[in-house]
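The values are calculated or read from the model by the stated rules, or taken from the named source; none is laboratory data. Keep in mind that this is a model prediction, so the values were computed, not measured. Cβ sites come from the backbone with ideal geometry, for glycine too, and all protein chains shown count toward neighbours.
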Amino acid sequence: MLSVFSTLTSEGWILVLSVALLLGMAKTGVHGAGMLSVPLLAIAFGGKISSGLMLPMLLVADVFGVFYYHRHASFQQLKTLFPWAALGVIVGSIAGNYIDDGAFRVIMAATIFISLTIMIWMELGGREKIPDSIYLGMLAGFLGGFTSMIGNLAGTVMAVYFLSMRLSKNNFIGTTAWFFMVMNWFKVPFHAWLWHTITKDSWLFALMLTPVILLGAFAGIGLVKKMSDKTYRWFIVAMTLVAAIVMVLK
């Protein structure tokens, strides 16, 4: 893995530093920034490799998000999501062994575009038609776990679910922070022992980028404080749209 880093061009390093900054912002409320970071890292390293490289960076960023917003989590939602998300991770880890890098990118693009379409529909009035059903939580949990393992794209899926549950801005951020911290740690053994996409070097790489992630976290806190709940929801939609465009153009 270290040889992969040593071959990065100056443009590649710009992408990596941008990803670290965006991840820090994502974990403190600029939720769509995390969606944008996924295709950027895929540009630098490819789909499956980038999935393993990003995970240690996410774990570092998770600490900041949970520390700042832990009081605002909706644990009732999390109790429904966690078992099904764990099942999704297991299924995704098995499926990932049969998916090549090109298919990874197709899955990434499809997930972003489908989520974007649903987000816009909800914000234009469809959200009131979605029932608060345990079955919806089970489906969202499974898809969140699966897409989290296949390309670290659960952010789009869970954004759709949490927006449909009409969570306030702080509840949205706090619940998301706890969900992803638990799920990201759950994914570590699968990446390390089944896919072999995490090594000691990838952990060291994440630690090296910690100052940039921290800078992004503080930037995210400041930005989110200035947004109303309605503005925040549309901001998530806008950032998802940017991620979709980047995925198509790369």
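Suppose we filter Val106, Val60, Val66 for residues that are farther than 21 Å from Gly141 by Cα and touching a helix residue (DSSP H, G or I) at 6+ places or on another chain (Cβ under 6 Å); which single one remains? Steps first, please.
On the way: Val106 fails: touching a helix residue (DSSP H, G or I) at 6+ places or on another chain (Cβ under 6 Å); Val66 fails: farther than 21 Å from Gly141 by Cα.
Exactly one residue qualifies, and that residue is Val60.
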Residue in the range 201-213 that is of a type in the set (Ser, Thr, Tyr), surrounded by 20 or more Cβ atoms within 10 Å (Cβ to Cβ), in contact (Cβ under 8 Å) with a residue 60 or more places away in the chain and not in a loop (DSSP other than H, G, I, E, B) present: yes
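Restricted to the range 157-200, and to residues that are among the charged types (D, E, K, R) and over 16 Å from the mean Cα position of the chain (by Cα), which residue is surrounded by the most Cβ atoms within 10 Å (Cβ to Cβ)? Steps first, please.
The first filter runs over the range 157-200 and keeps only residues among the charged types (D, E, K, R), leaving 166, 169, 187, 200.
Then keep just the ones that are over 16 Å from the mean Cα position of the chain (by Cα); that gives 166, 169, 200.
On the way: Arg166: 15, Lys169: 19, Lys200: 9.
If we take residues in the range 157-200 being among the charged types (D, E, K, R) and over 16 Å from the mean Cα position of the chain (by Cα), then Lys169 is surrounded by the most Cβ atoms within 10 Å (Cβ to Cβ).
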Failed item, numbered, when Ile90 is tested on (1) at pLDDT 90 or above; (2) of a type outside the set (Lys, Arg); (3) more than 18 Å from Val157 (Cα to Cα): (3)
